[in-house]
């Protein structure tokens, strides 16, 4: 699932690039009785199954609650990781909000 504050990008992602679903995205060409499709707009297929979409919608409803839990645990984990030489915690950047679904570490060879 993808979310965006960019309306143009969001509209492009709503268009599946599969020829059978969206014929206007491709130009059908027939030569010598053989037909094929030429893709005129490259990109990814963003379609989800109904089950994947349902799970995604349910997760979005509890996103803030999940983030609060991750933000409570992250400082404790970071504090313990910093005790070990040769391991660095991934930096946090201003004006951004990390989901913390992954906790990235950097290992420095030769230290620790």
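Do we find that residue 48 is at pLDDT 85 or above and out of contact with any strand residue (DSSP E or B) (no Cβ under 8 Å at 6 or more places or on another chain) in this structure?
no
Out of 94, 75, I need the residue that is exposed (fewer than 10 other Cβ atoms within 10 Å of the Cβ), free of Cβ contacts under 8 Å to residues at least 24 places away in the same chain, closer than 20 Å to residue 4 by Cα and outside the structural domain of residue 4 (by TED's automatic domain parsing). Which one? It would help to see each step written out before you state the result.
Values: 75 fails: closer than 20 Å to residue 4 by Cα.
Testing whether each residue is exposed (fewer than 10 other Cβ atoms within 10 Å of the Cβ), free of Cβ contacts under 8 Å to residues at least 24 places away in the same chain, closer than 20 Å to residue 4 by Cα and outside the structural domain of residue 4 (by TED's automatic domain parsing) leaves just 94.
Evaluate the following for residue 105: is it in contact (Cβ under 8 Å) with a residue 12 or more places away in the chain, surrounded by 10 or more Cβ atoms within 10 Å (Cβ to Cβ) and out of contact with any strand residue (DSSP E or B) (no Cβ under 9 Å at 6 or more places or on another chain)?
For residue 105, the condition - in contact (Cβ under 8 Å) with a residue 12 or more places away in the chain, surrounded by 10 or more Cβ atoms within 10 Å (Cβ to Cβ) and out of contact with any strand residue (DSSP E or B) (no Cβ under 9 Å at 6 or more places or on another chain) - is not met.
Answer yes or no as to whether residue 59 is under 23 Å from residue 10 (Cβ atoms), in contact with a helix residue (DSSP H, G or I) (Cβ under 9 Å, 6 or more places away or on another chain) and modelled with pLDDT of 70 or more.
Numbers: under 23 Å from residue 10 (Cβ atoms): yes; in contact with a helix residue (DSSP H, G or I) (Cβ under 9 Å, 6 or more places away or on another chain): yes; modelled with pLDDT of 70 or more: yes.
When the stated conditions are applied, residue 59 passes them.
Residues to consider are 69, 86; find the one that is under 24 Å from the mean Cα position of the chain (by Cα), modelled with pLDDT of 70 or more and assigned by TED's automatic domain parsing to the domain that holds residue 107.
Step by step, each of 69, 86 is checked, and only 69 is under 24 Å from the mean Cα position of the chain (by Cα), modelled with pLDDT of 70 or more and assigned by TED's automatic domain parsing to the domain that holds residue 107.
The values are calculated or read from the model by the stated rules, or taken from the named source; none is laboratory data. No experiment lies behind these values; they were computed from the predicted model shown. When we count neighbours, we look across all protein chains shown, and the Cβ atoms used for this are built from the backbone with ideal geometry, even at glycine.
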